[in-house]
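All remarks here apply to the structure that follows.
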Amino acid sequence: MGQQQLIEIAKALSKHIKVLIMDEPTSALSKAEVEILFRIIVQLKEESVTVIYISHRLEEIMAVGDCITVLRNRRLVAQDEIANIDIPWIIEAMVGSAKKRFAFEQHSIGEDVLKVHDLALKRSNGIYAVDHVSFDVKAGEVIGIYGLMGAGRTELLESLLGAHPLALGDIELAGKAIGDMPIPKRIEAGIALVPEDRQKQGMVQLMTILENMTLSSLSKFTRCLTGSLTRDRQVVAASDIVGKLAIKASSVDAPITSLSGGNMQKVVIGKALLTRSKVLLMDEPTRGIDVGAKKDVYKTISLLARSGIAVIYATSELDEAMAVSNRVFVMASGKLTAVLDRAQFDSERIVRASKPASAVV
């Protein structure tokens, strides 16, 4: 992946450009490849090429930048020359001073339901996407996983579900080892994933709400003798989820594409719930939905937690990581760099822990 990234950069340079825009260019690069990229940038500057370098990796910005612009919530909030600022200045501009109010509600938490020990997954370039991560999660607990692009959040959730056969480590769900199980068996054991791209990975757009919602649990609605589906039971189950999650739909037989983004996301969550999961994994659960729909998703997470389901959700939004979680796990370069209880939540502390250790200064 890193070599592919460098080839793409080389292709851009072959066009004799005057302005080069790089968006998170080092997210898939090794330390040696980052050093090569930085030498290229220095050379481009000497040739009077303007480089716009977009990154969350603060040390990299300090290393190669001349001027800095900070954006927050789609707005320009700060500008200055690199010579005049330091990393704490950037963090303060990124985080802002306003304290946010969250929809967190305290509830009782049970015993350990998920135990992960030394989970590791290598990328094709040999760099760890998940670097020997260990943690426990209790029934009814909500864990927010915060990290920047390339931190390994998605790979961690996918490894827990079994989507990466080369992942190593021990995973125990409700006292049962599931590390060697394929995805269907893990789902049957009680773990489910709401993927980041709900439209491509979480639903079939040609199907109805009912068909999508029952897709992962068809065995529960199948007659033993004939193997045919019992529609009445499907309708009852889907209608129950529609009511519990307050999904706004004219009918469970309506096309899923007739729903808003927020309600589509609730259908994908409902599909996971019909598998009777003990642990629900959610990757960027509010991406692409409006503020009102975000609040609904937060309420849904709280509702699930109060019912005893452990919820682990990964996000690149700092506010969201703290919104409804009992604890925040911070990831950087595949490692778990901080584990914070709610009383310890601090925006600057989380941002500092999310800085990739491989950044070159």
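Laid out as a table, the results:
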quantity: Cα-based reach from residue 220 at 23 Å (exclusive), listing lysines while leaving out same-chain residues under 8 positions away; calculated: 176, 185, 244, 266, 271, 278
quantity: Kirkwood hydrodynamic radius of segment 206-361, from inverse mean 1/r over distinct Cα pairs, in Å; calculated: 17.4
quantity: Per-pair calculated FRET efficiency, R0 = 35 Å: residue 170 and residue 307 via Cβ, rounded to 0.05; calculated: 0.80
quantity: Linear extension gain, residue 287 paired with residue 38, 0.36 nm per residue minus alpha-carbon span; calculated: 86.5 nm
quantity: Highest-first arrangement of 329-337, 192-200, 240-248, where packing means the average Cβ count within 10 Å; calculated: 329-337, 192-200, 240-248
quantity: Value of D in µm² per second that Stokes-Einstein yields for the chain, Kirkwood Rh from Cα pairs, at 20 °C (1.002 mPa s); calculated: 97
quantity: Rough spin-label spacing in nm, given labels placed 7 Å along Cα→Cβ, for residue 24 and residue 104; calculated: 2.6
quantity: Extended-chain gain in nm, criterion 0.36 nm per residue less alpha-carbon gap, residue 260 and residue 8; calculated: 87.1 nm
quantity: Peptides 263-273, 179-189 ordered by average Cβ neighbours within 10 Å, highest first; calculated: 263-273, 179-189
quantity: Helix 31-46 axis, angle to the chain major axis (alpha carbon atoms, nearest 10°); calculated: 50
quantity: Of all DSSP beta bridges in segment 2-95, antiparallel share, percent nearest 5; calculated: 55
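Taken together, the values in this text are just the output of simple stated rules run on the coordinates, not laboratory data. Just so it is clear, the model here is predicted, and its values are computed rather than measured. Cβ atoms come from the backbone with ideal geometry, glycine included; neighbour counts cover every protein chain shown.
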